[in-house]
Amino acid sequence: TDIGTKLPSVIQDSYSSAPLTEETEDEASTPKLIDGSSAQGSGVLGPQTQDDLPTCLLCTCLGTTVYCDDRELLAVPPLPKKTTYFYSRYNRIKKISRNDFANLNHLKRIDLTANFISDIHKDAFRRLPQLQELVLRDNRIRQLPELPSTLTFIDVSKNRLGRRGIPNEAFKNLDELQHLYITDNNLDHIPLPLPESLQALHLQNNNIQEMHEDTFCKMRDFTYVRRALEDIRLDGNPINLSKTPYAYMCLPRLPVGNLI
């Protein structure tokens, strides 16, 4: 008998007793996840998914950071309660539900770049007390949800935001917001008011056609200076910045855009 070429009978029986069908193989290759609100149980590797696969086994968890990039996910996986940074880029997520990020009181950054998101519940992010950075670029979003006042960085570039896509005064109470990127959308106006804390505003490649004297400055108050806002991008819009020279009097630098 050749040595090492035959499995012990006990192991052979265990292999032969549970053959994989084609359906089981397909399901195993693409794990399906349920919403975090309905996940049951948790362990060393995080909450369980629908297939009893811990999130930190399906994804990569380093400390309190969870990386779920390029995993063909169809939904936000249930996350450990102490998660601070969550990355789920290049997946197939279409919807953000109300409870996808429920009770994640330590979460500081969410990055869902390059998914298929078109529907976000209005309270999906509002109840996150420490959220600072929200990245939703390269999706199919038509309507922004309510935003927490703790945000310092928002990137919703390359979406489908139009005239009604951003609620009135959406950024008014975001007193810590420093960077706002809404490039490559369908906006026809600049969303106002903008918080005094804002340092960078990128709106290139939209459909903005007009500017008002009080868009950035205070009308007839030539002593007012808006020192923080140094980076404004309006290039790629059908607007002539030279027609409203007083709109930039309070700015430390002129916006980048069409001057003729």
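Observations
- Residues being touching a strand residue (DSSP E or B) at 6+ places or on another chain (Cβ under 8 Å) and either among the polar types (S, T, N, Q) or surrounded by 20 or more Cβ atoms within 10 Å (Cβ to Cβ) (or both) - total across region 175-189: 5
- Count of residues meeting criterion [over 21 Å from G165 (Cα atoms) and among the hydrophobic types (A, V, I, L, M, F, W, C)] in region 104-133: 4
- Conditions (1) out of contact with any Asp or Glu (no Cβ under 6 Å at 6 or more places or on another chain); (2) surrounded by 18 or more Cβ atoms within 10 Å (Cβ to Cβ): number failed by S149: (2)
- For N159, the conditions (1) buried (at least 19 other Cβ atoms within 10 Å of the Cβ); (2) on the phi > 0 side of the Ramachandran plot are fulfilled apart from (2).
- Scope region 231-260; condition in contact with a strand residue (DSSP E or B) (Cβ under 6 Å, 6 or more places away or on another chain), outside any loop (DSSP other than H, G, I, E, B) and of a type in the set (D, E, K, R); matching residues: D231, R233
- Residues located in region 190-204, provided they are of a type in the set (G, A, S) and either part of a loop (DSSP other than H, G, I, E, B) or buried (at least 20 other Cβ atoms within 10 Å of the Cβ) (or both): S197
- Test result for E169, touching a helix residue (DSSP H, G or I) at 6+ places or on another chain (Cβ under 7 Å), over 21 Å from S118 (Cα atoms) and surrounded by fewer than 16 Cβ atoms within 10 Å (Cβ to Cβ): no
- D123 being farther than 28 Å from Q209 by Cβ and out of contact with any Lys or Arg (no Cβ under 6 Å at 6 or more places or on another chain): no
- Any hit, region 73-84, residues being closer than 16 Å to E133 by Cβ and within 15 Å of the chain's Cα centre (by Cα): yes
- Qualifying positions in region 225-234 - surrounded by fewer than 20 Cβ atoms within 10 Å (Cβ to Cβ) and closer than 14 Å to A200 by Cα: R226, R227, A228, E230, D231, R233
Read the figures in this text as sums done on the coordinates, not as results from a lab. From a predicted model like this one, the values you see are computed outputs, not experimental measurements. Virtual Cβ from ideal backbone geometry, glycine too; neighbours counted across all protein chains shown.
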